[in-house]
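Participant: Structure provided below as structure tokens; questions to follow.
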Amino acid sequence: MSDEVPERPELPELPEYAERVLAVAEQIPPGRVMTYGDVAEWLGEGGPRQVGRVMALYGGAVPWWRVVRSDGSLAAGHALRALPHYRAEGTRLRQAPPGAEGHLPRLDMRRARWDGVTRAPDGTGGGARI
């Protein structure tokens, strides 16, 4: 056996668009959400699918649960991981109808959606656009 430590493969550089998407996700205040389309509109480029792809590939290092579907449904496969975050942050939820699959709540988009400008009650978020 050799005492040499194998070299780690060099990770590819994060694309500039991905950096910008993740920076927006980090700015969303606790208890608030933005849709994939909101993030794209905020950046002035791309669209919901591009934002979703960035979040799928690189979103683990940011509050990924704050970038959501426009209908307020919890992301398939991630709902049970996201729900404790929403509850801890006081994100507004709507109870699922009794016949709903899985009985998972939805986000109350009318009350939880962040416009990217207004500050949260604790003073976070808002201010200059990224």
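Participant: Go over the candidates 124, 91 one by one and state the one that is polar (S, T, N, Q), in a loop (DSSP other than H, G, I, E, B) and at pLDDT below 95. I'd like the intermediate steps shown before the answer.
Facilitator: Working: 91 fails: at pLDDT below 95.
Among 124, 91, only 124 is polar (S, T, N, Q), in a loop (DSSP other than H, G, I, E, B) and at pLDDT below 95.
Participant: Answer yes or no as to whether residue 25 is among the small types (Gly, Ala, Ser), out of contact with any Gly (no Cβ under 8 Å at 6 or more places or on another chain) and either surrounded by fewer than 16 Cβ atoms within 10 Å (Cβ to Cβ) or at pLDDT 95 or above (or both).
Facilitator: On the way: among the small types (Gly, Ala, Ser): yes; out of contact with any Gly (no Cβ under 8 Å at 6 or more places or on another chain): no; either surrounded by fewer than 16 Cβ atoms within 10 Å (Cβ to Cβ) or at pLDDT 95 or above (or both): yes.
For residue 25, the condition - among the small types (Gly, Ala, Ser), out of contact with any Gly (no Cβ under 8 Å at 6 or more places or on another chain) and either surrounded by fewer than 16 Cβ atoms within 10 Å (Cβ to Cβ) or at pLDDT 95 or above (or both) - is not met.
Participant: May I ask you to list pairs of residues, at least six apart or on different chains, whose Cβ atoms are under 7 Å apart, with the first in region 57-78 being farther than 14 Å from residue 111 by Cα and hydroxyl-bearing (Ser, Thr, Tyr) and the second being at pLDDT below 95 and not in a helix (DSSP H, G or I)?
Facilitator: These pairs meet every condition: 58/14; 73/106.
Participant: Give region 60-80 a look and list any residue that's modelled with pLDDT of 95 or more and part of a helix (DSSP H, G or I), or say none.
Facilitator: Hits for region 60-80 are 64, 65, 66.
Participant: Next up: List, please: which pairs have Cβ atoms under 7 Å, are six or more places apart or on different chains, and start with a residue in region 22-48 that is free of Cβ contacts under 8 Å to residues at least 40 places away in the same chain and in a helix (DSSP H, G or I) and end with one that is hydrophobic (A, V, I, L, M, F, W, C) and surrounded by fewer than 20 Cβ atoms within 10 Å (Cβ to Cβ)?
Facilitator: Close Cβ pairs satisfying both conditions: 26/62.
Participant: Looking only at residues that are closer than 15 Å to residue 20 by Cα and of a type in the set (Val, Ile, Thr) in region 54-88, which one is farthest from the chain's Cα centre (by Cα)?
Facilitator: My answer is 54.
The values are calculated or read from the model by the stated rules, or taken from the named source; none is laboratory data. Bear in mind that the values here come from a model prediction, so they are computed numbers and not experimental data. Backbone-built Cβ (ideal geometry, glycine too); neighbour counts: all protein chains shown.
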